[in-house]
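Chemist: After the structure tokens below, expect a handful of questions from me.
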Amino acid sequence: MNSMDKHIMTYRWKGGILEHYLGKTEKVEVISKELIKPSSPTPLQLRSFKLSLLDQFAPPVYIPILFCYTGKDGDNLLQSYQVPQKLKASLSKTLAIFYPLAGRIKDDDTIDCNDEGDEILDARVKIQLFEFLKKPNVEVLDQLVPGDILCTRSGAEDVPLAIQVNSFECGGVVIGVRLSHKIVDGVAMVEFINKWAATARGTNEEAMDVTLVSASLFSPRFSVLGYMLPISETVVMRQLVLDAYAIAAVRARATGHPTLRPHPPTRVEVVSALIWRCFMKAKNEKGPATVSVSTHAVNLRGRTVPPVQHSCFGNLWALAVTKGVAISESYGDMQGCLENELRESIRAIDSDFIEELKGPDEAIKAHEGMKNKAENYLDRDIHVCTFSSWCRFPFYEVDFGWGKPTRVSCCTIPINNLAIFIDRRCDDGMEAWVNMEADDMARFEQDQELLSFVSIP
């Protein structure tokens, strides 16, 4: 047994084979599951890793992401590049650096860095990857990421990280990654994956660059209530595609609004406002409501003084919450109003806000404020629309040694009325992955104003 083998324990999937039929004969078949441990043990003085205040605030879900690799000139990636072996060996080395990911969350306060390791699943998909990418099936996308996206437990049984290597008939590979939001945010997620990929390529010095100091920036608190996002296991997801021309058209329509002239809205702001506006119309058709509120996840790394490095690991984000917007039958001039509300709430997450959040009194105020908002959302008929932008994140730089991904995708996340934005590889457009209840989605995806700007594969 070599030095790598002793850190990998292999066992068959118990209880049968996980599968999802794509047609009459095609299926996703998980054939094995392995536990990958760090290549070197975590020192005793690092075995207890404190979660930060913002880690405690994070919702109890996993963040899913999919990287699609089609290869070149008919290459069989699985055979040509020894994909499973390279991924496992490099993951073991990377976990020795990102050691909290190989542990288990304890009491929503600490990670027990016990080196128990993380899971890699090996799956076979009986379909051509290039055919699947032409018309992705959302239900199949969900099967390409391992396990349940909803964290149903907060104890030591939860594995912080799980990976599924999906091998297609053509030799293409899709790598599905699932990371606990209690440990990472989107920036930390892509930072870890890129360091893992760099290790697989043999550039080990890049994998050493990581800063595990988030708890020193935002001290943890006892009995903290996390963000009260509307968790639901019955949501459905749709992919909205906006090319650069569509985004430019929405932005051009917005620049004439008098409140926005000094500060033209960003492409994320205008697309968020469009989705929020159409969401409100779909909700209003279902039944009368009074108020709609929007929240936007804001990365704090570049907003602190001095700025925090992107290699800073953990959750370093806050929710920008808009004022309540009255829902009415008249939507003609609401687009500019919503863009302004979004922009003002995001701009409020500045260095002063962050410094106040670090103080013990302000942390308690933030906690109480979230508790009050949650109670209001439950007691009143208030609709909440949540956004998270992964644009500008270097997802398309994730190269394990066989080239950059052809496609990066999300999958269903059990948070109702959630939209996640990801850049398109081919232009300055973006994709919005929208999660809603099925009846709301049925009305939302038929909105003619929405369809004039987006396509729904």
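The values are calculated or read from the model by the stated rules, or taken from the named source; none is laboratory data. Nothing here was measured: the structure is a model prediction, and the numbers come from that model. FYI the Cβ positions are ideal-geometry reconstructions off the backbone, even for glycines, and counts take in every protein chain you see. We work out accessible area using only protein heavy atoms, side chains counted, and drop any ligands, DNA or RNA first. Shrake-Rupley method; radii C 1.70, N 1.55, O 1.52, S 1.80 Å.
Chemist: Quick check: at a probe of 1.4 Å, how many percent of the accessible area of segment 394-443 sits on carbon and sulfur atoms? Working shown, then result.
Modeler: On the way: 660 of 1390 Å².
The value for segment 394-443 is 48 percent carbon and sulfur by accessible area.
Chemist: Give the accessible surface of segment 81-154 per residue, rounded to a whole number of Å², with probe radius 1.4 Å and ligands, DNA and RNA excluded.
Modeler: Averaged over the residues of segment 81-154, the accessible area is 40 Å².
Chemist: Tell me the net charge near Y245. Cut-off is 14 Å between Cβ atoms, Y245 excluded, with +1 for each Lys or Arg and -1 for each Asp or Glu. Can you show the working numbers first?
Modeler: Working: positive: R251, R253, R267, R424; negative: D243, D427, D428.
After counting each charged neighbour, the total is +1.
Chemist: Roll a 1.4 Å probe over the protein heavy atoms and report the accessible area of C426 in Å², nearest 10.
Modeler: Its heavy atoms expose roughly 100 Å² to the probe.
Chemist: Heads up, I need the accessible area for Y396: 1.4 angstrom probe, whole protein in place, Å², nearest 10.
Modeler: 40 Å²
Chemist: Another question, then. Could you compute how much accessible surface V250 exposes when probed at 1.4 Å, giving the result in Å² to the nearest 10?
Modeler: We get 0 Å² for V250.
Chemist: Largest first, what is the accessible-area ranking of F387, F49, F130 with a 1.4 Å probe?
Modeler: If we order F387, F49, F130 from most to least accessible, we get F130, F49, F387.
Chemist: Can you tell me the order of 211-221, 339-349 when each peptide is scored by its average per-residue count of other Cβ atoms within 10 angstrom, highest first?
Modeler: Ranking the peptides 211-221, 339-349 by packing returns 339-349, 211-221.
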